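Beneath this line is the structure, given in structure tokens, with notes to follow.
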């Protein structure tokens, strides 16, 4: 992603090879839970590829998505180290591959391998910053801004050069986008239609294309300014 700081994803430091050697690979289908809320699974995960959302519920029973994890990072290591159940559930949003690392193996590596303990500490710190920014954006920015931000983040992370723009090589549906930005699908569909009509995004086969990233960045900035003026 270069110099772009993502409020959606976070980039973990390079994983120590010793972690990859003790993991047992598992696959999860879209909608499948890697772990349920307030449970222990006797280990943690290293996400190889896919997309996982932290899942929580409001007092009214509405599902809220928190931490977003897509690839090459640990998941659940903090709960494991503290010896407590997972405070939230974690759900695969698309097909996801992960390594399951048992509590015994992870604890052994954490205690005797300085590289692993430093890696786990850095991952936890980056998650904290990502969650803080995510909730700040949901509280302070409009749905239009959040949609533009999500599309831009995906173009930075998954964009392929295409006709001067970026073709997003990521399976993005309106429902998944709604989950990203914490809005209902109808609102997202209306916003996406508006972005298409303005030529800010295009649909090519089953993928979204950003014809001019700089133009979409400028539009997002304008939306933030407009939102601040109405507060």
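Throughout, read-outs are computed from the coordinates displayed, never taken from laboratory work. Bear in mind that the values here come from a model prediction, so they are computed numbers and not experimental data. Backbone-built Cβ (ideal geometry, glycine too); neighbour counts: all protein chains shown.
Brief remarks on what is shown
- Yes/no for residue 203 being surrounded by fewer than 19 Cβ atoms within 10 Å (Cβ to Cβ), over 17 Å from the mean Cα position of the chain (by Cα), on the phi < 0 side of the Ramachandran plot and not in a helix (DSSP H, G or I): yes
- Single residue of the range 68-96 satisfying the filter (surrounded by fewer than 20 Cβ atoms within 10 Å (Cβ to Cβ) and within 18 Å of residue 157 (Cβ to Cβ)) that is farthest from the chain's Cα centre (by Cα): 95
- Number of the condition not met by residue 120 [criteria: (1) without any contact (Cβ under 8 Å) to a residue 24 or more places away in the chain; (2) in contact with a strand residue (DSSP E or B) (Cβ under 7 Å, 6 or more places away or on another chain)]: (1)
- With respect to the stated conditions, residue 132 fails to be closer than 25 Å to residue 190 by Cα, in a helix (DSSP H, G or I), out of contact with any strand residue (DSSP E or B) (no Cβ under 9 Å at 6 or more places or on another chain) and free of Cβ contacts under 8 Å to residues at least 24 places away in the same chain.
- Test set (1) under 24 Å from residue 154 (Cα atoms); (2) touching a strand residue (DSSP E or B) at 6+ places or on another chain (Cβ under 9 Å) - residue 37 fails condition number: (1)
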